[in-house]
Amino acid sequence: MATVAAGPDEYRKLDERVVAMWTITGMIGSGVLLFGGLAGGTALWLFARVSPLIIIPAWLILASNFLLETRWLPRKRYEATGYRIGSGFFEFRSGLLWTTSVMIPISRLQHIDLLRSPWEQHYGLATLDLHTAGTTKASQKVPGLEEGTAIRIREELIAAADLEPVHSPDGTTQGMTR
Amino acid sequence: MSDLSRTWERLHSTTLWLPALARLPQIAMLAVVIAVWAGVPTGLKIAFWFVFLPATVFNVLRFLTFEFELTASEIFIREGLLWRHERRIPFSRVQDVKIQQGVVHRMFGLAKVEITTAGSEQREVSLDVITRDRAEELRRAITRQDDRRVAGVPDSVEPVGTTLARLTLPQLLLGAATSRMAATLAALIGVILYFKMALFLGSTFVGEHFQDFDKYSKWGESFIPFRGTALEPFIRFFWDDTLGKSVVFILFGFSFSLVRYIVRYGRYQLTQTGDVLTKTHGILRLGSSSLARRRVQALKVEEGLLRRWFGLCDVWVDSGGDRAKVDDAKKREPFVPVMDAAQAYSLVGDVLNHLDDPQPAWERVSPKAVMRGTRVLWLILAGLMIMNAVPFGWFTLVFLPGFPLAYFLNVKWYRNRGYWIDDHYLISRRGWFNRETLYLPIHVVQNVSLTQSPFDRRLGLATLAVDTAGQTNTGGGTAIRNLPLEEARRLQWLLTLGAGTAPQRAARLQSVMPKSNCSN
């Protein structure tokens, strides 16, 4: 349940189904790499006479990457990722080796996108994309939220930001910029 | 949307030819380049048919289809040949106004106006050409808007401008000579030109003029010291033909950039009228741009190596309209091209509202930064030594002095790194050779991120990065590395909550804002 009233010091977790989704997407991504590596390595060995002493360690690296991506990393990522909505700010933390925490003042939000990839649709998940007027990090994605939660968070943030509809010079309607 | 009662106004009739004339140097350059390869008539023909004619047709069409109307609080634009486009830009949305006058513009009392808003990546509107009076009127209307909103200046009062800064000729000359452009570009252009020219010119019709460069380098030789002594072969070893020519080119490039700098920034003047800052500069082309103080997103004082030597610096400012990143190859435009450092810091105090001290008692990052940076350099040096030991043997010992030097540099960098946060600003300073001091108004911060690498975690440190809306001229928000984790979290917290503090939200946040323990 996403409410602003939640304790400011506890991070809320993503929906647990995201672990299954990341396992599948990781399996596809690293699987393609692994089989591409197997095929390419065999070709190199047979036709270009590259020593197996080079090819086999490369295969081992790809295979362990496959194992990591499918067995271990999705769960670890899920545990490392969290978000919280405090009074006046939204915080998103993520990362295993390089851990990051991004704090966005809610009053700085320009607009919020709700994205749903095919996999997310299958698992009933959604990604929120929070946009500010920043330059190097103008948007922050929050993946793996339960659909309903994502919509509720969006409503909450919009209400908290009181994004007054403002007509910009080009005629479109956008949030308030200061 | 279209309102028939409006009194639409066209651009000045010189729009038909003046903008094309302003492009003349580029057109001429193109013609010359083509002429070198294909002869003068072809060059002229190509420049006429492919550049001058399309530009003129474009300008004629624009004159016929572009209309605008000024009111007291907004500007309406109607343009387009097939797709008609109508825009309304309230002056309250305008970030800055630029008025430019080329030589011909000035002869006829004309000007080109550019308006930037926060919504667009580039300039929002360009009125090219209108009369100078109309341009001033537009600027006054926009800046008065800012005055009314901020300072509460009533319409009837004409605000008086005060001059904040001006450049004298000696300052300009010193500035030109110490500008990074002058130093690096001249050298680079000199070397590159030399090799390019040596390769190409010998085989083209310019070949015979190439003799002149030989002549100049012969002339340069007369300055060689110790001529006719035993030292001469030694000197000649360095002053060979190639080097002589390069030096001639470098001197040429240097004086060119000197002249360019003076033509560009001559007659520089910075004035403040109410809340609005206006800078004017240029000897041939007069440029003038206005920016409200409250729209400043970031301000940076840069003291380059040469400038720091002479106690000089330059100042850069971004408004919300400067959306492009620096690496988008957009031209940076200085706010003050050159200035005494002491004078600049007092100017910063004038320009930025609520700034207590432009050079506060700096807080330092964690002292672990010193050994951390040193270790990285030592690793690189050790790698270099091993790599060179294999082919060159004992020669590799020349890297040894690098080890204490690496430590020394890191100590210097650590001592010159500082930051300061109060209720209104985050200030950060860094650099020992080149020093830059960045002022970020906290209320414009867009988001704040805190990152820890695996090494950071072991040392209990973190990197804080601040993102702002305008970054074209200043390079944007700062990243402070090697902060103790607790301190980094405190800064992140203060910056985030402060950013949300628009005037009307101040009261609400007062209750959740932790007591700042660094306010003076």
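The values are calculated or read from the model by the stated rules, or taken from the named source; none is laboratory data. All values derive from a computational prediction rather than experimental measurement. Neighbour counts run over all protein chains shown; Cβ positions are idealised from the backbone, glycine included. With ligands, DNA and RNA removed, areas are computed over all heavy atoms of the protein, side chains included. Shrake-Rupley method; radii C 1.70, N 1.55, O 1.52, S 1.80 Å.
What's the average, rounded to a whole number, of partner chain beta-carbon atoms within 10 Å of each residue's beta-carbon in B:465-474?
For this peptide, the per-residue mean of nearby foreign Cβ atoms is 4.
Across region B:66-78, in residue order, what do the Karplus-derived ³J(HN,Hα) couplings come to in whole Hz, using 6.51 cos²θ - 1.76 cosθ + 1.60 with θ = phi - 60° and x for Gly and Pro?
For region B:66-78, the Karplus-derived couplings read 9, 9, 9, 9, 9, 10, 5, 10, 7, 10, 10, 10, 10 Hz, x marking Gly and Pro.
Mean separation of Cα pairs under 8 Å and 6+ residues apart, divided by the residue count of region A:25-156: what relative contact order is that in percent?
13 percent
Hey, got a sec? Which trypsin sites (Lys or Arg not before Pro) in region B:71-139 land in a DSSP loop and have at most 15 other Cβ atoms within 10 Å?
Loop-located and lightly packed - B:R84, B:R123.
GNM on chain A, C-alpha springs below 10 Å: top fluctuator among A:L67, A:L44, A:L14?
The residue that fluctuates most here is A:L44.
Once the Cα gyration tensor of region A:51-126 is diagonalised, what are the square roots of 5 times its eigenvalues, in whole Å and ordered largest first, as equivalent ellipsoid semi-axes?
Values for region A:51-126, descending: 36, 17, 11 Å.
Tell me, what is the Rg over Rh of region B:408-474, with Rh the Kirkwood radius over Cα pairs?
Using Cα coordinates only, the ratio equals 1.01.
Counting partner chain Cβ atoms within 10 Å of every residue's Cβ in B:439-446, what's the average?
For peptide B:439-446, the averaged partner shielding equals 3.
Under a plain spin-label model, where a point goes 7 Å from the Cα along Cα-to-Cβ, how far apart in nm are B:E232 and B:K45?
Going by the 7 Å Cα→Cβ label model, 5.6 nm.
Would you please give the residues with an amide H less than 5 Å from that of A:V142, counting only those at least 5 places away or on a separate chain, with H modeled from the backbone geometry?
A:L128, A:D129, A:L130
Enter the accessible area of B:Y425 (Å², nearest 10), with the probe set to 1.4 Å and all protein chains included.
Rounded to the nearest 10, the figure is 10 Å².
If you average the alpha carbon positions of region B:417-463 and of region B:465-479, how far apart do those two centres end up, in angstrom?
11 Å
Sort the following peptides by mean Cβ neighbour count (other Cβ atoms within 10 Å, averaged over residues), highest first: B:432-442, B:49-59.
In decreasing order of mean packing, B:432-442, B:49-59 become B:432-442, B:49-59.
List, in order, the whole-Hz ³J(HN,Hα) value for each residue of region A:57-65 obtained from phi through the Karplus relation with A = 6.51, B = -1.76, C = 1.60 and θ = phi - 60°; use x for Gly and Pro.
After applying 6.51 cos²θ - 1.76 cosθ + 1.60, I find x, 4, 4, 4, 4, 5, 5, 5, 4 Hz.
How do B:D275, B:D340 rank by accessible surface area computed with a 1.4 Å probe, from largest to smallest?
The ordering from most to least exposed comes out as B:D340, B:D275.
With labels modelled as points extended 7 Å from the Cα through the Cβ direction, what inter-label distance (nm, one decimal) is found for A:L44 paired with A:E16?
Placing both labels 7 Å beyond Cα along the Cβ direction yields 4.2 nm.
Enumerate the amide H contacts of A:T135 below 5 Å, restricted to partners 5 or more residues apart or on another chain; note that Pro and chain-start residues carry no placed amide H.
The list, which skips near neighbours in sequence, is B:T468.
Between B:S92 and B:R166, 0.36 nm times their residue separation minus their Cα-Cα distance comes to what?
Stretched out fully, the B:S92 to B:R166 stretch lengthens by 23.7 nm.
With the cut-off at 27 Å, tell me which of the pairs B:K45/B:K112; B:K112/B:K279; A:K141/B:K98; B:K279/B:K300; B:K112/B:K331; B:K300/B:K412 have Cα atoms farther apart than that.
Exceeds cut-off: B:K45/B:K112; A:K141/B:K98.
Charges on Cβ only, +1 for Lys and Arg, -1 for Asp and Glu, centred on the Cα centroid of region B:1-84; of B:L11, B:N59, B:W49, which one is farthest towards the dipole's positive end?
Of the options given, the answer is B:W49.
Could you rank the peptides A:129-136, A:33-40 by their average count of other C-beta atoms within 10 Å per residue, with the highest value first?
The peptides rank, most packed first, as A:129-136, A:33-40.
One quarter of the convex hull surface, Cα atoms only: what value does that give for chain A in nm²?
Result: 13.7 nm².
What nm value, rounded to one decimal, do you get for the distance between A:K141 and B:L61 when each label is placed 7 Å out toward the C-beta?
4.0 nm
Could you size up the charge dipole of region B:266-313 around its Cα centre, putting +1 on the beta carbon of Lys and Arg and -1 on that of Asp and Glu, and report it in debye to the nearest 20?
80 debye
Average partner chain C-beta neighbours within 10 Å, per residue of B:419-427?
Per residue, the number of nearby Cβ atoms from other chains is 0 on average.
Mind giving me the FRET efficiency for B:N434 and B:A361? R0 is 35 Å, r the Cβ-Cβ distance, nearest 0.05 is fine.
0.95
For region B:343-421, list log₁₀ I(q)/I(0) at each q in 0.22, 0.26 Å⁻¹, using the Debye formula over Cα point scatterers of equal strength and ignoring solvent, two decimals each.
The computed values of log10 I(q)/I(0) come out as -0.95, -1.10.
Would you compute, from DSSP H runs of 4+ residues alone, the mean residue ellipticity of chain A at 222 nm, taking -39500 (n - 2.57) per run and dividing by the full residue count, rounded to the nearest 500?
Here the helix-only value at 222 nm equals -14000 deg cm²/dmol.
Kirkwood Rh, region B:16-151, all Cα pairs: how many Å?
With all distinct Cα pairs of region B:16-151 included, I get 16.9 Å.
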